[in-house]
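K.L.:
Below is one structure. I have some questions about it.
The values are calculated or read from the model by the stated rules, or taken from the named source; none is laboratory data. Values in this document were obtained by computation on a predicted structure and should not be read as measured data. With ideal geometry, Cβ positions are generated from the backbone for all residues, glycine too; neighbour counts draw on all protein chains shown. Ligands, DNA and RNA are excluded from the accessible area calculation, which covers all protein heavy atoms including side chains. Shrake-Rupley method; radii C 1.70, N 1.55, O 1.52, S 1.80 Å.
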Amino acid sequence: MAHAAPVPARTTTPATRQPRTPDLFGHRAHSVGRWAGPFAIGLVYGYWAAANRRSGGPITTGNLVFGFVTAIVFTVLMAGVLSVAPRLSRELHAFVWFLFSAAAFGFLYNQSGESVLLTVGLSLAFGVLVGLFCFYWFYTHEDAQGHRVH
């Protein structure tokens, strides 16, 4: 008895082929987003730091270089925090976010020319708030081993 050969699913001509929908949440999009997100935030951060430093004065070449170097350093540090911190326990994970947010806020606030004591006090207060929020978030969204609870 003769049986029909299996036919591949895509045997349409190019004129009748349906366009393939993009895979927005695939591996490639996530790998690009791991750097594109921190880079976009880093550009805003670098611009903000440069604007604070010049205090509304004219934009100079040194100010542009400062802004771009700040953006690159911020991007690298944020990408490092985003890749390393989730592998830590919830306490260390929250502590890394405390350190990063306090340092980022303190550097940004210090560019405005305020006193060092005010800068340290406000950056510690901001870092503590971020650290406590992160610890609460990780504590309520992870089990004891650090796996996400759905």
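Residues are listed down the side, and each one gets a yes or a no for (1) among the aromatic types (Phe, Trp, Tyr); (2) touching a residue at least 60 places away in the same chain (Cβ under 8 Å); (3) in contact with a His (Cβ under 8 Å, 6 or more places away or on another chain):
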{"position": "Val84", "(1), (2), (3)": "no, no, no"}
{"position": "His93", "(1), (2), (3)": "no, no, no"}
{"position": "Val96", "(1), (2), (3)": "no, no, no"}
{"position": "Ser101", "(1), (2), (3)": "no, no, no"}
{"position": "Cys134", "(1), (2), (3)": "no, no, yes"}
{"position": "Tyr139", "(1), (2), (3)": "yes, no, no"}
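K.L.:
Still on this structure, I have one more. Got at least one residue in the range 15-34 being open to solvent by 70 Å² or more (accessible area, probe 1.4 Å), under 28 Å from Ala125 (Cβ atoms) and in a helix (DSSP H, G or I)?
P.N.:
No; the residues of the range 15-34 include none that is open to solvent by 70 Å² or more (accessible area, probe 1.4 Å), under 28 Å from Ala125 (Cβ atoms) and in a helix (DSSP H, G or I).
K.L.:
On the basis of being of a type in the set (Val, Ile, Thr) and surrounded by 14 or more Cβ atoms within 10 Å (Cβ to Cβ), does Val120 make the cut?
P.N.:
The answer is yes for Val120.
K.L.:
Among the residues of the range 84-134, how many are under 21 Å from Tyr45 (Cβ atoms) and outside any helix (DSSP H, G or I)?
P.N.:
Counting residues in the range 84-134 that are under 21 Å from Tyr45 (Cβ atoms) and outside any helix (DSSP H, G or I) gives 4.
K.L.:
Only one residue in Gly57, Gly67 is at pLDDT 90 or above, open to solvent by less than 30 Å² (accessible area, probe 1.4 Å) and out of contact with any Cys (no Cβ under 9 Å at 6 or more places or on another chain). Which one?
P.N.:
So the residue among Gly57, Gly67 that is at pLDDT 90 or above, open to solvent by less than 30 Å² (accessible area, probe 1.4 Å) and out of contact with any Cys (no Cβ under 9 Å at 6 or more places or on another chain) is Gly67.
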